[in-house]
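Comments concern the structure below.
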Amino acid sequence: MIGLAQVMVVLDATIVNIALPSAQTDIGFSDGQRQWVVTAYAMAFGSLLLLGGRLADLFGRRRAFVIGQVGFAVSSAVGGSAATFGLLVGARACQGVFAALLAPAALSLLTTTFTTPADRGRAFGVFGALASSGGAVGLLLGGVLTEHLSWRSTLYVNVLFAVAAVIGALLLLPPQPAAARTRLDLPGTALASTGLFCFVYGLAGAGSDGWASVRTGGLLCVGVLLLAAFAAWQARSPHPLLPLRIVLDRVRGAALLAVFIAGVATFGVFLFLTFYLQHTRGYGPARTGLAFLPMSGAIMFSAMGSGTALLRKVGGRTRVAAGMLLAAAGMAWLTRLSVDGSYAAEVLPAQIAAGLGVGVVTATAMNLATAGIAPGEAGVGSATVNSMRQVGGSIGTALMSTVAAAATAGYLATHRQPGPLTAARAAVEGCHAAFTASAAVFAAGAALTWSMLPEGLSVARRHPSPGEHRGSEAVRD
């Protein structure tokens, strides 16, 4: 049930991508407008996550979970029936709003429900598998639904997911009382939401406008300034939206960095590998989705395996660093792509290696990042994890888009023979550059997390005292 909610939130970031050409033909909007169907969801989701997490803490996680599911389903139904571009974009923005409430509620329910190291390992293995593979699952499901039904079915399917999740929540989750402190940090909320909105909006436009554009630079600068003001305010606010002790803990800080790095290096892969398979290799939507199955399977296998008794004996520091190095190797393998090469030789090994690495990194890092947070702060702590992943993905998509565009333009400038073969080789050159950047990010992440995480760390058990969170204790399971 909790995993189903996470699948909804993650796959909706990609399931619509494959359906966009069909939606564009049906409704009739321009190529320049097309990005807003994806960006509207990302901006609303990313900018409101901290607020959604705090609301879940204040008014009850089960209540927030159910409201988020119902709102997400209604928004999806409206988007699926949209006859105009404006209504579709508005529905996608509403999806993002309710996803910002749903995602931290789901993760905090997992955090407070599974408390022993063994149970947490298994639960976060499953949850990490769903969180990491959701993008690939979205591509598969989006391709199959678009090809055999309609692009509208990629939105309608959320209604079925939501009905199952709401019924499960009402039957299996006990009612939870609201937190004793119900005052909301309004200045902090305004600073965080506006800052994250400007930052994500700026990143979303960087791929098309360029990093040097006035709009991109202005939005990013405003976003950074507002987030800096938010951090300063949290240090003195009597009721902070995000207590700084949550992010200043050494183990949690390193785990959040790992989640962020995985988002930066992974999100662009789905975009460029999808582009390569569809535009260069001529795959249809359904075949493209099926081509991602090995990566999804590898992610699920490694993430769920990270909770087994055997791997729990391996330190969290080793698991995270080794997973990032394995993912880096997979990304490096993708730099061998060619215009007419074999899928089995050029794509499949890379997908398996990257999937195995991403799965173990995500499951382990999300476990460490949420372990030991006081129950009354589980929602905002979980929202912080989701924020790092979402912002990381936005940065990664913008960064990889810029790198790929520069490489493609450079190839075309030095190979002036016109024709489809030259265009295809230029596109592949852009993919090579993006995958090289992803490999470098993962390699750097391995070094950073290895230096930050304590030696011998397995799963961090945290024991917050009333009203105050004590530092992490690294213990063996």
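When the range 375-425 is filtered for residues that are open to solvent by 40 Å² or more (accessible area, probe 1.4 Å), among the charged types (D, E, K, R) and modelled with pLDDT under 80, only ARG416 remains.
Within the range 75-107, the set of residues being at pLDDT below 90, of a type in the set (Val, Ile, Thr) and either under 20 Å from the mean Cα position of the chain (by Cα) or assigned to a helix (DSSP H, G or I) (or both) comprises VAL89, VAL97. Here the range 329-374 is the region considered, the condition is being in contact (Cβ under 8 Å) with a residue 60 or more places away in the chain and assigned to a loop (DSSP other than H, G, I, E, B), and the residue that is surrounded by the most Cβ atoms within 10 Å (Cβ to Cβ) is ILE373.
For the range 299-314, indicate whether the set of residues that are open to solvent by less than 60 Å² (accessible area, probe 1.4 Å), of a type in the set (Gly, Ala, Ser) and at pLDDT 80 or above is non-empty. Within the range 299-314, one or more residues are open to solvent by less than 60 Å² (accessible area, probe 1.4 Å), of a type in the set (Gly, Ala, Ser) and at pLDDT 80 or above. Hey, among the residues in the range 165-195 that are small (Gly, Ala, Ser) and at pLDDT 85 or above, which one's surrounded by the most Cβ atoms within 10 Å (Cβ to Cβ)? That would be GLY195. Filter the range 201-210 for residues that are at pLDDT below 75 and either under 22 Å from the mean Cα position of the chain (by Cα) or assigned to a helix (DSSP H, G or I) (or both); which is farthest from ALA398 (Cα to Cα)? Among them, the one singled out is ASP209.
Residue count for the range 426-469 under the criterion of being modelled with pLDDT of 70 or more and of a type in the set (D, E, K, R): the result is 1. Only residues that are open to solvent by 20 Å² or more (accessible area, probe 1.4 Å), among the aliphatic types (A, V, I, L, M) and over 19 Å from LEU196 (Cα atoms) were counted across the range 207-258, and they come to 2. Taking residues in the range 80-98 that are under 22 Å from ASN386 (Cα atoms), and partners anywhere that are in a helix (DSSP H, G or I) and of a type in the set (Val, Ile, Thr), the pairs with Cβ atoms closer than 6 Å and at least 6 places apart or on different chains are ALA91/VAL78; ARG92/VAL37.
The values are calculated or read from the model by the stated rules, or taken from the named source; none is laboratory data. Nothing here was measured: the structure is a model prediction, and the numbers come from that model. Note that we place each Cβ from the backbone using ideal geometry, even for glycine, and neighbour counts take in every protein chain shown. These accessible areas exclude ligands, DNA and RNA; they are computed on the full protein's heavy atoms, side chains included. Shrake-Rupley method; radii C 1.70, N 1.55, O 1.52, S 1.80 Å.
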